[in-house]
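First comes the structure, then the notes that go with it.
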Amino acid sequence: MIKLYDTGIYLLGGTQIVADDAQLEALTGRAADKEAARRGTMAWSILRDHNTSGNMDELKLKFDSMTSHDITYVGIIQTARASGMTEFPLPYVLTNCHNSLCAVGGTINEDDHKFALSAAHKYGGIYVPPNYANIHSANRELMAGCGKMILGSDSHTRYGAIGTMAVGEGGGELAKQLVGRIYDFARPQVVAVYLTGKPQPGVGPHDVALSIVGAVYKNGYVKNKVMEFVGPGIAGLSMEYRNAIDVMTTETTCWSSIWVTDDKTKEYLTVHGRPQDYKKLAPADLAWYDGCVYIDLSTVECTVAMPMHPSNIFTIKELKENAADILHQVEEAANAQLKGVKMDLSSKLRGGEIWVEQGEIAGCAGGTFDNICAAADILRGKSCGNGAFSLSIYPGSMPALAQLMKNGCALDLVQAGAIMRECFCGPCFGAGDTPANGELSVRHTTRNFPNREGSKPGEGQISAVALMDARSIAATAANGGKLTAATELDVEYKDYANDFDASIYEKRIYNGWGKPEPETELKFGPNIKDWPQMPELTEDLLVKICSYITDPVTTTDELIPSGETSSYRSNPERLSEFALSRRDPDYVPRSKVLRQAERDRRAGKDLPDEIRNVYTALAKAGVPCCPEITDIGSAIFANMPGDGSAREQAASCQRVMGGSANFARAYATKRYRSNCINWGIVPFLTETPEVFENGDYIFVPGVRQKVLENAAEYTAYVVKPDGSVKQITLTTGALTEPERRILADGCLINYYKNN
């Protein structure tokens, strides 16, 4: 059972939920004081300790350490270099787990790895070699500790189960920390996640996590808030079980997470050689939460998230009992979103059973030690079969793999027909084990967005991913691909010791923290390019809508595809060619026309006839306009853009392609909106998107001054192809003082040069 409270709650003594002031006063005999009780959360204490503003309502945070992987660190370091960085001012872990197969693009992937190693030497960083650990396993094992805060350029930067408030953001926010600046954020609300009961045998952390995502994603219950895990149910969960739930909090769109810590946390940190990083974290005797997600773990069932979102959940039992209807419903919804290709799920129902072709247990969610051991318990002595079904397993780190070899679980899995792979995040974002066209893959990974499995609908290729726990994936493998819940099998699950061998890391990881070698030359490959110059925001703004997306939510993978396109991540111009390529292939050619028009304007050349006609229409409508002070750019509209990855490329590629603004009803995540701002894209909000459409121009007079003044509203004018003009009202939402200056200066790099 999962229950969402309609109002906030008090938590008394760390275990008792108190629904209102009257009940609290009856229980304690004292007057209720919500504001004082707010300070009783774990989140409040950690934020207070990292806040430099002296004002807990307007936070200015400094983090204890940071982390990036090989899709993001080059751009971050290049941004910080251009902004004056001379050394890393805090521990910065550079992992190589996303483009580490080096299978696409010649030498360019490994060139980036060598760049990172040279940067670790030059600036004093920590370098984790390719295929040695995924980003979050490495940080759990090496960096997370009780009461800390970690900032990462990956959306799944979540270490709350180890007592660390971790935040996934775009690269601009990390660059700010590297040049000694702060992270601005209005204090978030805190929602209690109250766990009670104990999971049934065979029910794993992904079953719990997906159930939570299904309950809170669509209603925005925890959006941009902190999820604080409390309650007696925590004590019965192993640390890896907690970690695997915690990492999926990203899919709720919360801002961060934190858990109660206990003796199991202490043992985990001690085994990992860091007993000093443990301290007891718990709410005060009385704490106020802005909401509560109540979960009885004993009622959670084996769960599956069907394409194309982690919130599209069903119990496996429910899916199997209503297979024809649910499969048809899911494929209809998917095909309404896909363009030019059809997903076929109904054909997976054969002989009354659902059959899948692939299983993947991988990454920061699936590749944990406990998950893989449980899969081995299920498959020991069995066979995955020699049919279409295949099973691949990617452990989270080399120390974890060593333990799996030592306790025999790796051997059991290989003998059952599974393939043990490298410590690689690829199956999570479409860069590894892409299924064949038309196939269905079940994965213990974090996401099943469109194309996250690696297919290319624009080229007629379509496969599908359903998310499931490792245990049910192993049960499905034991039945040769017949969809099976782990609770359908009678399995004896063993309790395996996870003895961390630190020497495995010590022999290969370069730790230069506090020991910069400024004389080291950065190693540049031919694909590593500097950021192009970005113009400052002009007095007025004229943009053309070059893509108009009406889907309820637009993911960052649709804004800039993951997978092999990420090989070009260190070349801003080359990567920008892929912007919206799988969602709207015409976006790039449309935007290039506007980008060239702006370059011509700045060079004093004549404007294209179409743009001159726009100015004529504005003048005829009595709208003052002056081309000499008006930036010409492209823009997109999407109802709610930015769900998913923290990759700044979702915004920077639009900017490099000439994007000056976005229009939306709402932004799916803070991190995507921050990415837009950091790259000089004005994040407009509109309540009347039906007034304009693809191909229309929007003129925003006085935009620079209004941004600097943090104006509540912007008057803008839509110019139709027929020359008609309509007035509309826009907003940007509240902008901090640095955000206003960044937009006015044109991007974060310019802001640092000017300040």
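The values are calculated or read from the model by the stated rules, or taken from the named source; none is laboratory data. This is a predicted model, so every value here is computed, not measured. Virtual Cβ from ideal backbone geometry, glycine too; neighbours counted across all protein chains shown.
Evaluating CYS292 against the criteria (1) of a type outside the set (Phe, Trp, Tyr); (2) free of Cβ contacts under 8 Å to residues at least 40 places away in the same chain; (3) not assigned by TED's automatic domain parsing to the domain that holds SER472 leaves one unmet condition, (2). Starting from residues that are among the aromatic types (Phe, Trp, Tyr) and more than 25 Å from PRO608 (Cβ to Cβ), keep the ones in the range 568-594 and report whichever is surrounded by the most Cβ atoms within 10 Å (Cβ to Cβ). Among them, the one singled out is TYR568. Selection within the range 242-293: residues that are in a strand (DSSP E or B) and touching a Ser or Thr at 6+ places or on another chain (Cβ under 6 Å). The member of this set that is surrounded by the most Cβ atoms within 10 Å (Cβ to Cβ) is SER257.
For the range 52-66, the condition of being crowded, with 23+ Cβ neighbours inside 10 Å, farther than 18 Å from ASP285 by Cα and either in contact with a Pro (Cβ under 9 Å, 6 or more places away or on another chain) or aliphatic (A, V, I, L, M) (or both) holds for at least one residue. Condition check: crowded, with 23+ Cβ neighbours inside 10 Å and farther than 15 Å from PHE663 by Cα. Does ARG599 satisfy that? Answer is no for this residue.
One residue alone among HIS69, HIS113 is under 27 Å from THR368 (Cα atoms) and in contact (Cβ under 8 Å) with a residue 60 or more places away in the chain, and that residue is HIS69.
Selection of the range 71-127 for residues being more than 24 Å from PRO532 (Cα to Cα) and hydroxyl-bearing (Ser, Thr, Tyr) yields TYR92, THR95, SER100, TYR127. In the range 664-755, counting only helices (runs of 4 or more DSSP H) that sit wholly within it, the ones holding 2 or more residues that are more than 26 Å from the chain's Cα centre (by Cα) span 703-709, 737-745, 748-754. Contact annotation: residue pairs with Cβ atoms under 6 Å, 6 or more positions apart or on different chains, pairing a residue in the range 490-503 that is in contact (Cβ under 8 Å) with a residue 12 or more places away in the chain and assigned by TED's automatic domain parsing to the domain that holds THR476 with a partner that is among the polar types (S, T, N, Q) and surrounded by 14 or more Cβ atoms within 10 Å (Cβ to Cβ), are TYR496/ASN407; ASN498/GLN403.
The condition (being under 21 Å from CYS676 (Cα atoms), touching a residue at least 40 places away in the same chain (Cβ under 8 Å), within 29 Å of the chain's Cα centre (by Cα) and in a loop (DSSP other than H, G, I, E, B)) is satisfied by just one residue among TRP531, TRP513: TRP531.
Among the residues of the range 489-512, those that are crowded, with 17+ Cβ neighbours inside 10 Å and either over 27 Å from THR67 (Cβ atoms) or out of contact with any Lys or Arg (no Cβ under 9 Å at 6 or more places or on another chain) (or both) comprise LEU489, VAL491, TYR496, ASN498, PHE500, ILE504, TYR505, ILE509, ASN511. Of all residues in the range 611-663, those satisfying the criterion of being surrounded by fewer than 23 Cβ atoms within 10 Å (Cβ to Cβ), part of a helix (DSSP H, G or I) and not β-branched (Val, Ile, Thr) are ARG612, ASN613, TYR615, ALA617, LEU618, ALA619, LYS620, PRO627, GLU628. Taking the criterion of being in a loop (DSSP other than H, G, I, E, B), under 21 Å from the mean Cα position of the chain (by Cα) and not hydrophobic (A, V, I, L, M, F, W, C), the residues of the range 171-229 that qualify are ARG187, PRO188, GLN189, TYR217, LYS218, ASN219, GLY220, TYR221, LYS223, ASN224, LYS225.
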